[in-house]
Every structure is written in C-alpha cells, then in structure tokens.
Amino acid sequence: MNVENIVLDYCRRAGEALYGAQNADLQVSKTRREFVGDYTLVTFPLLKLSHKNPEATAQQMGEWIAANCPAVSGFNVIKGFLNIELGGSFWLDILRSIQTTKNYGTSPSTRRTVMVEYSSPNTNKPLHLGHVRNNLLGYSVARILEAAGNKVFKVNLVNDRGIHICKSMIAWQRYGNGETPLSSGIKGDHLVGNYYVAFDKAYKAEIAELVASGMSEDEAKKEAPIMREASAMLLKWEAGDKEVRDLWRTMNGWVYDGFDVTYKEMGVCFDKIYYESETYLLGKKLVEVGLAKGVFYRRDDGSVWIDLREDGLDEKLLLRADGTSVYMTQDLGTALARYSEFEFSDMTYVVGNEQNYHFTVLKLILKKLGYQWSDAIYHLSYGMVELPEGKMKSREGTVVDADDLMASMVEEARVMSLELGKLDGLSQQESFQVSRKIGLGALKYFILKVDPRKTMLFNPAESIDFNGNTAPFIQYTYARICSLERKVSSLGIVLCDELPTVVLDDKEIELVKLLAEYPATISAAAADHSPAIVAAYAYQMAKVYNQYYHEHPILRDGVSESDRALRLALSRVVASVILSAMSLLGIEMPDRM
RNA sequence: GGUCUCGUAGCUCAGUUGGAUAGAGCAACAGAUUUCUAAUCUGUAGGUCCAGGGUUCGAAUCCCUGCGGGAUCACCA
C-alpha cells in the first residue's frame with residue numbers, strides 16, 4: 001500500500017519511455033502543503049538524459065504520466081518540481097483496501113528471528129528514570145520489530161552478582177536487624193537499595209576516619225573495614241559459601257519481587273531472563289579459541305588480551321591473571337551462546353550510549369574470531385535522561401525513582417480528570433483505569449517521542465504535559481471516536497459494510513493519505529529501531545483527524561446518509577490505526593476520557 | 001590529550017538517501033462551545049539552523065576548521 005512507490009513507478013516508466021532512463025535515481029516525495037498535488041518528482045537527476053531545462057523536463061514527464069496512468073488526475077510544474085495529483089476515486093480505493101486488510105500496517109512474516117535485550121538491571125537498587133527509558137524503548141522496539149514481521153525474543157540479562165550486591169548484603173547484616181519487606185512494608189527493591197545507600201554512607205565515614213588518622217585517600221578506600229568485608233563476601237560467594245549464597249538468594253528474591261511490580265506497572269515483559277550468576281563463566285572457552293587462533297595473546301602474568309590498536313582502539317583485557325573473566329568475556333560468551341540457540345538475524349542490545357566503546361569492541365572481537373553474525377548485532381545506543389541540573393546522581397539524591405514517577409503521573413491524571421469532570425458516572429474501578437492509562441501514557445509518550453539516540457531532558461519541576469503533542473491528546477481523539485460509535489449503536493443506526501461511492505474532500509484525502517503511510521512507517525521504525533517514528537505518526541494522525549472532526553459533522557441532522565457512512569468508516573479506520581500505533585509504543589487507550 | 005557524539009524559535013523536540021518559502025508542541029497574545037467530548041479547533045507573534053570555509057543546479061543535512069556541551073578511554077558491570 002505504499003503510494004509513494006506507486007507514483008515512483010509511474011515516474012520510472014515515464015523516464016524510460018521518454019529518455020530511455022534505466023534505473024535512474026529518481027526521487028518522489030510527498031508534496032509540500034503549500035503546493036497543489038499529492039506527490040512530487042524532483043526532475044534534476046533527469047536533466048542529463050532529457051537534455052532539456054528543468055521546467056520542460058517536468059512538463060514532458062507530467063504529460064506522459066497523465067496520459068498513461070489512469071490513477072493520475074492532474075499535474076503542475078513549478079521550477080524543476082513536478083507535482084502529481086491522484087484522483088479521488090484512487091484514494092477511495094485505497095481506503096477500501098485499508099478497511100478490509102486484517103492487521104493493517106503489519107508485515108507478513110519474514111521468517112527472521114530477532115532478539116532484543118533490554119532492562120538488564122543491577123539487583124542492588126530500585127529502577128530509576130534512566131531504566132524507564134531503557135525499558136520503554138526495549139519493549140516498544142520489540143513490538144515494532146514484531147509488527148515488521150519478525151519472530152521476536154525479548155530477553156533480560158540481570159546483573160545479579162558482583163561486589164555491588166555484596167555491599168547491600170554487608171550493610172543489611174550490619175544494620176538490618178532482620179528487616180524484611182514483610183516486616184517493614186517496604187517494597188523489596190527499595191529496601192535493598194536502602195542498604196546499598198547505607199553501605200555508601202558507612203564506607204565514606206570509615207574513609208574519612210582513616211584519612212584523619214593519616215592514611216592516603218586511595219589507601220583508605222581499599223582499607224576501609226566495610227569494603228574489606230564486602231570483598232571477602234564476594235570471594236565467599238564465588239566459592240559457593242552456603243550462608244552467603246542463602247542471603248544472596250533471599251535479598252535478590254526481594255528485589256525480583258519489587259522489579260516484578262515495577263515491570264508490570266510499566267507494562268513490559270520478557271520471553272527469557274538470563275542471570276549473570278549463570279552466564280558469567282561463559283566466554284572462557286572463547287578465550288581459548290582466540291588464543292589458538294592467535295587473535296588474543298597471553299602476557300607473562302597470565303592475563304589474556306587483544307590488541308586493537310591497529311583498528312584505532314586500545315588493548316582490551318579478556319581474562320585476569322587469576323583466570324577470572326571480565327564483563328567483555330561474559331558478553332562475548334553470552335552472545336555466542338545465544339547465537340547457537342537462536343541463530344538470530346538481528347540482536348539488538350538496548351544499552352545506554354555510555355557503553356558505545358564496549359559494543360564497538362564486542363562486535364570487532366567477534367568479527368576477528370571469524371563470526372560473521374557479528375554484523376547482526378545492533379547496539380541501540382540511547383541517550384541519557386538528564387535533569388535541568390545535569391545527569392542524575394544517586395549520591396546527590398537527584399535520582400528520579402521509577403515507582404514514584406509512575407505513581408505521580410497517575411495521580412496527576414486523576415486530579416486533572418476530576419477537575420474536568422471526566423470521571424463523572426464512572427465506577428471507582430473504571431476511573432482508576434482511565435487515570436492509569438492517561439498518566440502512564442503521558443509518561444511513555446513523553447519519553448518515546450524523542451529520538452532514542454539523543455540525550456533528553458526531564459524537568460521534575462514541570463509536570464509532563466497532557467495537551468499538544470502528548471499521549472492524552474491522542475488518547476482523547478481515540479476516546480471521542482469510541483464515543484461516537486457508542487452513540488451510533490445507541491441510536492440504532494445500521495451501517496452498510498460497503499463504502500459509499502462519494503467524492504472525497506481535501507481533508508479526507510489527507511487522512512487516507514496518512515493512513516496509507518502506516519505500513520511504511522512501521523517498516524521505517526523497525527529499520528531504524530526508533531519508536532519516535534511511530535509516535536510522530538500517531539500524533540500527526542490524531543491531529544489531522546481532530547481538524548476533520550471539527551469541520552465534518554457526522555451524526556447531526558442534515559448529514560446525508562452517504563456522507564455519514566463515509567465519515568464513520570473513516571473514523572473507524574483512524575481509530576484502529578491509532579490504537580495499533582499506540583500499542584506499538586506500549587500505550588493503552590481508554591475508550592472514554 | 002585520543003576517540004565518539006550533540007548544537008534548529010524563550011523552553012522541549014521534528015526535519016527520510018542533499019530538494020521548493022525551516023516545522024510541531026509548550027509558554028505568550030487574540031478568537032471559536034444552542035452542536036457527535038473544548039484534554040479540542042482557528043489565528044498572531046517568535047529563526048544568523050553555534051561560527052567560518054568548501055563540495056553543486058541546490059546544504060540545517062555531506063567534507064574541513066574553530067567554538068561550546070556530553071560520553072568514553074578500568075584487571076567495575
């Protein structure tokens with residue numbers, strides 16, 4: 001249903017017939033609003049073959065197309081631009097076919113398996129705004145890739161081991177007095193996070209004390225008793241010490257319970273969850289392979305490295321002298337294990353752009369080891385969420401907590417809905433659901449409408465808008481159409497399935513044109529791994545429909561039966577496309593608000 | 001310092017592989033509701049696309065230089 005390609009095809013045929021232009025690099029784009037026409041051909045690339053000036057070339061092309069392509073109703077030439085108009089009946093046919101297409105917008109199966117890894121939290125503190133962007137992006141990208149016809153596996157690699165976990169555990173042992181989520185009523189991830197903070201506080205105090213007694217700061221950082229305890233605990237963990245493992249399992253369990261609640265509220269989910277405690281030994285075999293191939297080398301102390309200086313990078317450690325592996329080693333091993341299991345044709349890692357270097361190296365090493373599928377790895381390198389005063393810092397207490405943020409958005413939506421009287425006549429349960437959809441929708445859209453790669457700003461002092469380019473705006477459009485349809489059925493109006501043969505006006509053509517772009521929009525968003533493209537599309541759709549809604553009465557007296565049928569049919573298609581697009585963003589739509 | 005990245009309206013952001021006179025939202029101002037939901041719609045105002053050079057029919061977009069912000073350059077993950 002890509003109308004642009006249809007028109008491009010006309011132009012190709014014209015170019016070939018007139019100038020013998022085979023495979024000419026022709027460009028067709030949507031005609032800008034200030035000109036008459038639907039699609040525009042830029043004729044400059046044809047001039048070498050036509051041996052005419054731009055105007056004459058455009059004129060000749062236009063005449064040929066108008067004469068040979070029945071769908072084209074007219075054309076005009078401005079400078080080197082040929083504006084092509086398509087007839088109303090053409091658009092009516094397009095609308096008809098959209099209307100009857102099941103799952104309109106989605107592509108047929110490509111039979112490709114793709115994986116999306118996202119979230120990947122540490123288990124020592126609750127999720128914050130940065131994780132929110134990660135989770136929303138990951139989930140949405142997965143949905144979009146699915147709509148583009150791929151078999152998608154959403155995976156989460158939980159960082160559940162390491163010194164940072166031990167810090168929370170030590171602090172809990174020291175200061176916890178047996179506190180549990182049950183005993184205190186604190187959500188598990190927050191409770192563990194509190195002890196991580198407690199560790200940091202005690203650690204700093206000990207460092208200060210040591211420095212005061214004459215020790216250098218660097219030494220104090222290593223020698224502080226609480227840090228030594230944490231390091232000792234990590235060794236015990238690695239040795240499989242029962243007591244340490246039990247506590248580790250218990251506290252991680254609290255965190256997972258907490259995460260589950262947050263994930264559920266965010267509306268994200270996974271097909272498979274990996275735990276680093278189970279994958280951190282992967283990759284050691286790969287080190288042997290690399291050594292055998294001469295890609296890696298061993299130093300005198302026994303550590304293993306790869307020299308990437310010829311590629312403009314540095315030397316990278318893969319195995320410590322004591323034989324333990326590092327982050328890169330496990331990631332290599334995990335990638336290989338996943339490829340063996342899934343043979344993915346696209347493996348997207350949703351990870352912040354602070355790890356660009358890591359992924360550049362990861363892909364390069366796999367390439368050097370001879371794994372061609374290294375090319376299938378895509379690092380969706382999203383930008384940080386910054387506050388007006390800069391990056392979020394847990395030490396300075398400027399972290400925006402995910403649970404708090406979501407709760408406050410829902411509350412804000414509730415207050416605003418009450419003020420506007422939108423909740424009148426709804427049950428408590430219904431009001432809550434409406435507020436939830438609006439509040440979370442506003443938050444999700446606010447984050448997803450921005451190009452993932454760009455750093456974005458969040459100002460906690462200014463609440464997220466509910467008007468303009470926002471989810472509530474789009475949801476409102478949808479709710480109004482639902483309301484319209486409720487009214488239709490309550491009035492007992494019976495509609496014919498067939499679209500009437502009417503003449504579409506400009507606004508209607510604009511709507512159909514936009515509807516026709518939906519499949520290409522999904523494809524573009526999938527290719528670019530960018531939910532922002534879908535968000536922009538949904539907004540544009542809602543905006544144009546709202547204008548249409550204002551100018552075109554539907555159920556009022558005096559509207560002809562055929563107009564009414566067309567307008568309702570158009571409204572229905574718009575509503576379903578908006579619903580579909582928003583679902584790709586993970587945003588739920590209320591049918592009243 | 002090396003590498004990467006960003007710089008568009010007061011603010012937050014769009015701007016497809018280079019295409020016509022640079023686009024939205026918010027904020028500001030002026031309007032629209034006897035009507036299918038005004039969380040809507042219409043209009044006004046707001047720009048040295050960081051600066052300078054280059055490439056060409058044409059540059060916010062590509063190249064170079066400079067300025068400014070951010071990330072990264074761990075035997076942390």
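The values are calculated or read from the model by the stated rules, or taken from the named source; none is laboratory data. Note that the structure is a prediction, hence the values are computed from the model and not measured. Ideal geometry is used to build each Cβ from the backbone, glycine not excepted, and the neighbour counts take in all protein chains shown. These accessible areas exclude ligands, DNA and RNA; they are computed on the full protein's heavy atoms, side chains included. Shrake-Rupley method; radii C 1.70, N 1.55, O 1.52, S 1.80 Å.
Quick notes
- Distance from the C-alpha centroid of the stretch A:1-52 to that of the stretch A:327-361: 42 Å, rounded to the whole angstrom.
- Peptides A:567-578, A:246-257, ordered by how many other C-beta atoms sit within 10 Å of their residues on average, highest first, read A:567-578, A:246-257.
- Mean-position separation - Cα centroids, the stretch A:219-239 and the stretch A:429-486, in angstrom: 46 Å
- Dimensionless Rg over Rh [the stretch A:7-137; C-alpha; Kirkwood]: 1.24
- Peptides A:552-558, A:523-529, A:386-392 ranked from most to least packed by the mean count of surrounding Cβ atoms within 10 Å: A:523-529, A:386-392, A:552-558.
- Take the Cα radius of gyration of the stretch A:158-315 and divide it by 2.2 N^0.38 Å, N being the number of residues; the result is 1.33.
- For the residue pairs A:K221/A:K284; A:K167/A:K393; A:K284/A:K363; A:K222/A:K454; A:K154/A:K236; A:K151/A:K444, the C-alpha atoms sit more than 28 angstrom apart in A:K221/A:K284; A:K222/A:K454; A:K154/A:K236.
- In a reduced charge model with +1 at each Lys and Arg Cβ and -1 at each Asp and Glu Cβ, the stretch A:223-279 shows a dipole moment near 60 debye about its Cα centre.
- For the stretch A:53-130, the alpha carbon convex hull comes to 271 Å³ per residue, rounded to a whole number.
- Note on A:I493/A:H550: beta-carbon distance plugged into 1/(1 + (r/R0)^6) with R0 of 30 Å gives a FRET efficiency of 0.90.
- For the stretch A:507-550, alpha-carbon Rg and Dmax in angstrom: 11.2, 36
- Working from the Cα coordinates of the stretch A:67-210, the gyration tensor eigenvalues give, after taking √(5λ), semi-axes of 60, 19, 14 Å in decreasing order.
- For the stretch A:482-529, applying the loop criterion from DSSP together with a ceiling of 12 other beta carbons within 10 Å to the GluC sites (Glu not before Pro) yields A:E498.
- On a per residue basis, the convex hull of the C-alpha atoms belonging to chain A measures out at 212 Å³.
- Bridge type composition, chain A - antiparallel percent by DSSP, nearest 5: 50 percent
- Solvent-accessible area per residue for chain A (1.4 angstrom probe, square angstrom): 47 Å²
- Distance from the stretch A:487-559 to the stretch A:287-321 (C-alpha centre basis), Å: 58 Å
- The relative contact order of chain A, computed from alpha carbon pairs under 8 Å that lie at least 6 residues apart in sequence, is 15 percent.
- Qualifying chymotrypsin sites (Phe, Trp or Tyr not before Pro) in the stretch A:1-78, where qualification requires a DSSP coil assignment and no more than 16 other C-beta atoms within 10 Å, comprise A:F35.
- In a simple Cβ point-charge model (Lys, Arg +1; Asp, Glu -1; nothing else charged), chain A has a dipole of about 660 debye relative to its Cα centre.
- The magnitude of the dipole of the stretch A:84-200, with charges of +1 and -1 set on the Cβ of Lys/Arg and Asp/Glu and taken from the Cα centre, is near 260 debye.
- Calculated SAXS-style log₁₀ I(q)/I(0) at q = 0.19, 0.24, 0.25 Å⁻¹ - the stretch A:1-65, Debye, Cα scatterers: -0.68, -1.06, -1.13
- On chain A, 50 percent of the accessible area sits on carbon and sulfur atoms, based on a 1.4 Å probe.
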